[in-house]
Amino acid sequence: MYGRKVKLRFFFVLIILFILSLSVFLILKSLKDNVVYFKSPTEVKALAEINKKKIRIGGMVKNDSILMKEKELNFIVTDFKNEINVVYSGLIPNLFSEGKGVVAEGFLKDKSLFLATKILAKHDENYMPPEVKSALEEK
Amino acid sequence: MFKYFEPNKIFSITSKAPKYVLLLFIIILSIGLTEALIFSPEDYKQSQSVRIMYVHVPAAWTCLGIFSIITFLSTTGYIFKIRNFFLISKSLAPSGFVFNIIALVTGSIWGKPTWGTWWAWDARITSMLILALFYILYLIAWRIYDDNDKAFKATSFITILGIINVPIIKYSVDWWNTLHQPASINILSKSSIHLSMLYPLLIMTAAFALFSLLIFLMKYNTELIKIKNKGLDRL
């Protein structure tokens with residue numbers, strides 16, 4: 001059917017592809033901690049020690065947890081298993097609201113208190129017109 | 001079997017086709033843009049900035065699609081020694097690269113009002129940037145090798161390297177915590193995007209695909225002229 005050289009080149013491509021994907025897989029696996037953009041409250045709970053480096057935590061802003069003081073903003077990040085209190089002062093993105101995703105960058109004081117230096121709103125995958133949203137809420 | 005394409009025959013098609021493709025592209029793009037910018041509703045949460053998505057997502061899809069096609073053609077071209085496939089890949093690459101840059105830039109513009117940052121080193125965004133680097137590498141490889149055989153080998157190797165990144169881009173939002181939201185459109189399960197927003201998105205995707213086809217035909221035409229000038233009668 002095909003010549004010997006064609007088969008050889010075919011297997012050569014297969015082997016290259018296999019070895020490269022395997023190495024990329026191993027690299028990503030060993031770097032997992034750096035590939036994730038943020039840690040969830042449960043992952044923070046599981047940390048062996050709290051180091052002083054800047055980290056990012058993320059999850060949902062717990063309903064009725066936002067507390068605005070004069071220059072300080074308090075809210076709770078939850079993944080519905082564990083919770084972390086966040087203290088922050090600074091600019092807040094427009095989409096930051098209760099019941100929505102958030103990523104906070106800053107320092108862990110202890111496993112339930114986080115001092116944020118920057119807040120990013122995480123958007124979810126739902127796209128719909130406002131009318132549909134209100135219709136959904138009425139249900 | 002692919003060896004005996006006659007440049008003259010292909011040339012007669014590729015030199016006439018662009019004007020029809022251009023016409024179709026203009027029609028589809030104007031329908032898509034009016035749908036996306038005027039008729040489609042605003043989003044319940046991001047309001048008007050959702051309209052950036054109608055450029056961002058189709059651009060990202062097109063650049064991923066083109067890279068996959070280039071990889072397929074380059075590797076089969078390398079295995080079966082089909083010169084024509086390399087020329088097709090070479091002519092496809094520039095529009096893929098342009099759409100990659102468009103996806104990155106529009107994503108950045110969308111990210112500022114929505115996330116509150118222009119750029120985040122999360123897995124999806126970083127892997128998209130890496131794809132752009134592979135596009136650059138691919139385009140440079142064609143420039144630096146004068147010898148066609150060397151260019152064929154180098155570019156197919158680059159595409160094999162780069163294609164590993166494509167499933168990483170696709171699944172990055174599922175495998176790791178990312179700032180970028182997961183996919184809204186699923187072929188197998190229900191999409192989490194409303195139909196009134198899905199249609200303009202699909203029309204814009206068709207428009208971008210047609211634009212890539214147009215640029216491809218023009219580039220490919222030039223390649224064929226080069227071959228004719230060299231006096232080769234076969235690809």
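The values are calculated or read from the model by the stated rules, or taken from the named source; none is laboratory data. Source: prediction; values computed, not measured. When we count neighbours, we look across all protein chains shown, and the Cβ atoms used for this are built from the backbone with ideal geometry, even at glycine.
Of note:
- Qualifying residue in segment B:145-162 (condition: loosely packed, with under 15 Cβ neighbours inside 10 Å, on the phi < 0 side of the Ramachandran plot and polar (S, T, N, Q)): yes
- Single unsatisfied condition, A:N74 versus (1) facing chain B (nearest Cβ under 9 Å); (2) polar (S, T, N, Q); (3) assigned to a strand (DSSP E or B): (1)
- Residue match in segment B:140-160 (condition: part of a loop (DSSP other than H, G, I, E, B) and either within 12 Å of another protein chain (Cβ to nearest Cβ) or acidic (D, E) (or both)): yes
- Filtered residue count, segment A:43-61, keeping only those that are within 27 Å of B:I125 (Cβ to Cβ) and either among the small types (G, A, S) or surrounded by 15 or more Cβ atoms within 10 Å (Cβ to Cβ) (or both): 10
- Count of segment B:180-200 residues which are touching a Ser or Thr at 6+ places or on another chain (Cβ under 8 Å) and among the hydrophobic types (A, V, I, L, M, F, W, C): 4
- Of all residues making up segment A:98-139, the number that are within 14 Å of chain B (Cβ to nearest Cβ) and either of a type outside the set (G, A, S) or in a loop (DSSP other than H, G, I, E, B) (or both): 25
- Residues (of a type outside the set (G, A, S) and under 16 Å from A:E125 (Cβ atoms)) located in segment A:90-101: A:L95, A:K100
- Flag for B:K219 being among the charged types (D, E, K, R) and within 30 Å of B:F39 (Cβ to Cβ): no
- Taking the criterion of being touching an Asp or Glu at 6+ places or on another chain (Cβ under 6 Å) and at positive phi, no residue of segment B:65-95 qualifies.
- Residue count for segment A:28-47, restricted to those that are more than 7 Å from chain B (Cβ to nearest Cβ), under 14 Å from B:W175 (Cβ atoms), among the aliphatic types (A, V, I, L, M) and in a helix (DSSP H, G or I): 1
- Residues being facing another protein chain (nearest Cβ under 7 Å), free of Cβ contacts under 8 Å to residues at least 40 places away in the same chain and assigned to a helix (DSSP H, G or I) - total across segment B:180-197: 0
- Test: residue in segment A:12-27 that is outside any helix (DSSP H, G or I) and either in the same structural domain as A:F114 (by TED's automatic domain parsing) or within 30 Å of B:T75 (Cα to Cα) (or both): no
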